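The values are calculated or read from the model by the stated rules, or taken from the named source; none is laboratory data. The structure displayed is predicted, hence computed values, not measured ones. Cβ coordinates were reconstructed from backbone atoms using ideal geometry, including for glycine residues, and neighbour counts include every protein chain displayed. SASA here: full protein model, heavy atoms, side chains in, ligands and nucleic acids out. Shrake-Rupley method; radii C 1.70, N 1.55, O 1.52, S 1.80 Å.
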There are 2 protein chains.
Amino acid sequence: MRSVSIIGIGQSPVGELWKQSAREIAYTAVHGAMTDAGIETADALFVGNMLSGSLIDQEHLATLVAGYAGLYGIEAAKVEAACASGAAALRVGAMAVASGYHDVVIVAGVEKMTDTAGKDTTAGLATASDAEYEALHGVSFVGLNALIMQRYMYEYNVPIDAFAPFSINAHRNGANNPNAMFQDAIDRKTYVNAPVIATPINIMDSSPVCDGAAAVVLVPTEQVRRYSAAQPVQILASASANDTLAVHDRRDPLWLEAAHLSSEKAYRQAGIKPAELDLFELHDAFTIMSALSLEATGFAKRGEGWRWAQEERIGIDGELPISTMGGLKSRGHPVGATGVYQVVEVVQQLTRRAGANQVKGARLGMAQNIGGSGATIVTHILGV
Amino acid sequence: MRSVSIIGIGQSPVGELWKQSAREIAYTAVHGAMTDAGIETADALFVGNMLSGSLIDQEHLATLVAGYAGLYGIEAAKVEAACASGAAALRVGAMAVASGYHDVVIVAGVEKMTDTAGKDTTAGLATASDAEYEALHGVSFVGLNALIMQRYMYEYNVPIDAFAPFSINAHRNGANNPNAMFQDAIDRKTYVNAPVIATPINIMDSSPVCDGAAAVVLVPTEQVRRYSAAQPVQILASASANDTLAVHDRRDPLWLEAAHLSSEKAYRQAGIKPAELDLFELHDAFTIMSALSLEATGFAKRGEGWRWAQEERIGIDGELPISTMGGLKSRGHPVGATGVYQVVEVVQQLTRRAGANQVKGARLGMAQNIGGSGATIVTHILGV
């Protein structure tokens, strides 16, 4: 198997991009990554996207984006795994290069969730859950996460404001990210006074609905010298695992088994221990997911993920910086694009392009992308 | 790159499966393929599907199907490339095995298009075209193909009944396929009297809206002896190419450039010439596509694809049997599943499991799956 490296990154700003359609947003990211890599064409384009069928009446999205970027005669396909679509597409791109089928592959994540002409974004997001056994009964996607958070608070006797530091950290970091949707720091008071949207989740626990796209260019590591790119970043591990789609089918709804399995696979592939990581872009779609991720990936004990945030371990200068460019909470969560944004941000950190949020001496970073309420979890470890 | 072989196939009947949901239809195919291969688990499941977001409010489909089949802790992702989703998923599965990431991969195609509770299937199918520059202006997917057919008839001075033999051949073969949606032979009179649905396309030119699923099991060729499967079939070539999504953007709407490019790549990979093929499962979603496919893949001269059918070359005992189990026209076209059905049927032919439609001495078969009106075209060549 050939080793795979990232030689270029690109991203659009995240936000309510009402003046741009999906293809235009995607183009910003794809063109940015191609320019960064110094390439003019590619062998394939894989696009991570969840909602283009539900919200913008556009399937066949990868071929659309390829054409808009002037890429013809290449392979193009969309990859979908709910909110983990971006990282799932990166997995496919990595396999395409590792196998030898392709030498230059672009992986983009793109999502257009706002200004969607009468479509119901909440109903769209609910397609990540089990349509017949969850969504049909009226539980929304936020509702499912609220049930998990409520249970966590009860089971471990955790107060509501225990989750505030995740949100405060994300907003502090997002304030320095010019591509973040929210570039304002918040404090504990903002969190405590935030309107509740599905008890106990408030809007400061929850990532926003938004538009955005991010992209990377992959080549075999043995060929990186052919390109004029900035410092290449190697994909040391790429792993995916699934769990039951419906939360009620799990033996323990407070344990992200798929995060555990995919991170364990990733640690083995990279030959590292969790403590060696310099940063972790985790999937903070809701603060409860941050706590559960820290537990399932081997950092915190069960029921104590929230303590990591309490103990100020998660800041840029902390033991394990998380959401270093704002995370899903502050940078934003354009669902099918998120997994690629996470990887782009790890690359920014490892190549000293993270600006005011630079993690000093970062050489090893992990990104973990969660689909649904923990049903599909994809983990990548990158290194320089 | 590791060589990849198919060691198991499965399929559901194609039709209006009102009593089964998408997961149940998919299970029939996945379980069938696993039983045929003699496996009890797998490393990954890739699902080709186009319309689950638009028609059944279910994204995250691969993880749903994996769970329903009892497959946990594995990789699961959906692959979408409009009507070429099935073959695009097979490409991903082949790369996963070829790269060495996985040893046992299931690829399924599934589509649920009927009994979809008030959803508009025609609007769903139009998401294969350019939403902003084609569908928004009211042209349906059938309409786009009708424009191409009209132009073909004008440009090459072809009479309407020139296309009848494609449909007659498909129905003759479908009559012997127990999984086909239509198991009745038709004659020229049926074709000539068929109601027109978008001039000049009549219902006998057009494949039906339906439900269905098909699946294959992939392993490295070097490992086939570990399994109790029937005769393995090797994937000798797997290639994909794209063209403009919108038909009006093409220099020549009567030339399937992506079919030409992907079949040329496939012939090179397999090291064969077109004439060596024993059968060709082409994408006869509309009869005009059969004619254009035969021209773009090197069999017929431009404007003469229809003559192949006229000259009785396409029957089971002909020079190049096509649609040997009924094709999209008679077996049916559950869009995201079709590419996998085609490959399953090539495997049936190469392993002497095609019943009354067996192509004698078949050793080399090609399957070509078309997304949109020719924008994404995926070609596989299989051999024993």
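Table for the structure above
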{"quantity": "Between region A:23-47 and region B:219-284, the alpha-carbon center distance in angstrom", "calculated": "26 Å"}
{"quantity": "Members of region A:43-78 that become less accessible by 40 Å² or more once partner protein chains are added (1.4 angstrom probe, chain alone as reference)", "calculated": "A:Asp57, A:Gln58, A:Glu59, A:His60, A:Thr63, A:Tyr72, A:Gly73, A:Glu75, A:Lys78"}
{"quantity": "Length-normalised contact order of region A:302-384 in % [C-alpha pairs under 8 Å, at least 6 apart]", "calculated": "21 percent"}
{"quantity": "Sequence-separation-based contact order of chain A, relative, with Cα cut under 8 Å and 6+ spacing, percent", "calculated": "26 percent"}
{"quantity": "Interface area, A with B, accessible, probe 1.4 Å, both sides summed, Å² nearest 100", "calculated": "4600 Å²"}
{"quantity": "Chain B: mean projected area of Cα convex hull, nm²", "calculated": "16.8 nm²"}
{"quantity": "Total charge dipole magnitude, the protein assembly as shown, about the Cα centre, Cβ charges on Lys, Arg, Asp, Glu only, Debye to nearest 20", "calculated": "1260 debye"}
{"quantity": "Two-site FRET efficiency, A:Gln310 against B:Lys119, from Cβ-Cβ distance with R₀ of 60 Å, rounded to 0.05", "calculated": "0.80"}
{"quantity": "At least 50 Å² accessible surface lost relative to isolated chain, residues of region B:224-267 (1.4 Å probe)", "calculated": "B:Asn242, B:Leu245"}
{"quantity": "Sorted peptide list for A:172-183, A:316-327, A:355-366, A:262-273, criterion being average Cβ within 10 angstrom, highest first", "calculated": "A:316-327, A:172-183, A:262-273, A:355-366"}
{"quantity": "Equivalent-ellipsoid semi-axes of region A:128-274, from the Cα gyration tensor, Å, largest first", "calculated": "33, 24, 16"}
{"quantity": "Cα gyration tensor category, rounded, prolate or oblate, for region B:249-384 with a/c compared to 1.5", "calculated": "rounded"}
{"quantity": "Spatial separation of Cα centroids for region B:323-349 and region B:108-131, in angstrom", "calculated": "18 Å"}
{"quantity": "Inter-copy label distances at B:Glu16 (7 Å, Cα→Cβ; nm, one decimal)", "calculated": "4.4"}
{"quantity": "Three principal axis lengths of region B:32-143 [C-alpha, angstrom, descending]", "calculated": "48, 30, 22"}
{"quantity": "Label point at B:Thr35 placed 7 Å out along Cα→Cβ; residues across region B:290-331 whose backbone nitrogen lies under 12 Å", "calculated": "none"}
{"quantity": "Solvent-accessible heavy-atom area per residue, rounded to whole Å², over chain A at 1.4 Å", "calculated": "32 Å²"}
{"quantity": "Rg in Å to one decimal, and Dmax rounded to a whole Å, for the protein assembly as shown via C-alpha atoms", "calculated": "25.1, 81"}
{"quantity": "Ranked by how many other beta carbons lie within 10 Å on average, peptides A:85-98, A:46-59, A:276-289, A:6-19 from highest", "calculated": "A:85-98, A:46-59, A:276-289, A:6-19"}
{"quantity": "Label 7 Å beyond Cα on the Cβ vector: A:Ala230 copy-to-copy distances, nm", "calculated": "5.6"}
{"quantity": "Rounded percent of accessible protein surface that carbon and sulfur make up, chain B, 1.4 Å probe", "calculated": "50 percent"}
{"quantity": "Relative intensity, log₁₀ I(q)/I(0), of region B:15-87 from a Debye sum that treats every alpha carbon as a point, q = 0.14, 0.17, 0.26 Å⁻¹", "calculated": "-0.44, -0.65, -1.36"}
{"quantity": "Per-copy distances of the B:His137 label point, shortest first, in nm (7 angstrom along Cα→Cβ)", "calculated": "4.8"}
{"quantity": "Among A:Ala69, A:Thr122, A:Asn179 - extreme Cα towards positive end, dipole of region A:66-210, charges at beta-carbon", "calculated": "A:Asn179"}
